[in-house]
DNA sequence: TATTGTTATACTCTATAACTATA
DNA sequence: TATAGTTATAGAGTATAACAATA
């Protein structure tokens, strides 16, 4: 499974994609940090923007163990960003939701991130932008919900 | 600083880029983990592939505090991936280099990551690939060294 | 018995502040 | 004094294993 020179441009593309991903993640982490959020906290708020899922669903979304989500939600709750409630249908289940403040912070970070990445994108020649959207979407699939999807799946 | 509808396609592009960055980082983290490396350890090995820098230079490359690099190198050294040496020119300076095993592990992870991302890229229509390289490079600049650049700057 | 969530524990990663050694 | 690196300390994030409560 070594050489497979089907498309001469592929190595450069792989390399560009890796660098690009670091540049984007840098923006996400830096802006989050400016709001005193970790990237994981931002992702949590992103999930809770339009849902009130059980702990297990959050774990699946983020690709984390359930015990990791316990700590994550603990810290967010301590900061007044999210809250817990026991499901009325199944007393084993804990429902998590964003507080008004959590929603607000999430919106602000998302707006700032979007603005910063738009600045990066201004460097892309206009004629290449449509192709880039098509290329990116052919890798990750179409958008599902509204706003920034802080997930790879 | 709100609406700025200069280019209608921009929001989708921003969103695609964020998702794409998560997909790529997922690959990097997953493959690293399969080799029992954190992403930071992989980045360290990436730096040491063709250099033997002082601790401070590593901190700058990775955007970390010097004290964080101390621990990072400690753990990598304990695992036989890197080694320390005192500079002969300036006894304050500690020079870090990858061991043969560290170089080897770095190469293996890089090769696997490249293969996996190439698989992702196969989903991109061939006619869009050149444009994607151009677009990505216009954001992050041209490649500098050989191999995967596990950095955003 | 199976599932949901938490706790206990341990490790990595990170930063700030204070320190040592060298320049 | 200034710089390079380490240590001490603290906190976030993560996982595994064991547990309690509920189904």
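How big is the Cα convex hull of chain B in projection, averaged over all directions, in nm²?
Details: hull surface 47.4 nm².
So the Cα hull casts an average projection of 11.9 nm².
Taking only Cα atoms, what is the 0 to 90° angle, nearest 10, from helix B:39-48's long axis to the longest principal axis of chain B?
Orientation of helix B:39-48: about 70 degrees from the principal axis.
If you project the alpha carbons of the protein assembly as shown onto the principal axes, what extent comes out on each, in Å, largest first?
For the protein assembly as shown, the Cα spread along each principal axis is 66, 45, 41 Å.
Tell me the mean residue ellipticity at 222 nm calculated for the protein assembly as shown from its helices only (DSSP H runs of n ≥ 4, each -39500 (n - 2.57), averaged over every residue, nearest 500).
Taken over the protein assembly as shown, the calculation gives -20000 deg cm²/dmol.
Roughly speaking, what % of Cα-Cα pairs in the stretch A:75-142 are separated by over 20 Å, rounded to a whole number? Could you put the intermediate results ahead of the total?
Working: 1334 of 2278 pairs.
Counting every Cα pair in the stretch A:75-142, those more than 20 Å apart make up 59 percent.
Please report, in whole Å³, the volume per residue of the convex hull around the C-alpha atoms of the stretch B:26-116.
Hull volume normalised by residue count: 90 Å³.
Of the candidates A:38, A:16, A:97, which one comes out as most mobile in a Gaussian network treatment of chain A with C-alpha springs shorter than 10 Å?
A:16
Over chain B, with a Gaussian network built from C-alpha contacts below 10 Å, which listed residue (B:103, B:17, B:37) shows the highest mean-square fluctuation?
B:17
What do you get for the angle between helix B:100-121 and the principal long axis of chain B? Use alpha-carbon atoms, 0 to 90 degrees, nearest ten.
Between the helix axis and the principal axis of chain B, the angle is about 10 degrees.
Compute the distance in nm between two label points, each set 7 Å from the Cα along the Cα-to-Cβ direction, one at residue B:127 and one at residue A:50.
Placing both labels 7 Å beyond Cα along the Cβ direction yields 3.2 nm.
Which whole-angstrom value gives the distance between the alpha carbon centres of the stretch B:36-67 and the stretch B:123-144?
26 Å
I'd like the FRET efficiency for residue B:101 and residue A:38, computed as 1/(1 + (r/R0)^6) with the beta carbon distance as r and R0 of 35 Å, rounded to 0.05.
Working from the Cβ atoms, E equals 0.60.
Taking chain B as a Gaussian network, where each spring joins two C-alpha atoms under 10 Å apart, which residue of B:129, B:30, B:84 fluctuates the most?
Maximum among the listed residues: B:129.
Since every read-out is calculated from the coordinates, none of them should be taken as a lab result. Owing to the predicted nature of the structure, the values given are computational and were not obtained by experimental measurement. Cβ: placed from backbone, ideal geometry, glycine included. Neighbour counts: every protein chain shown.
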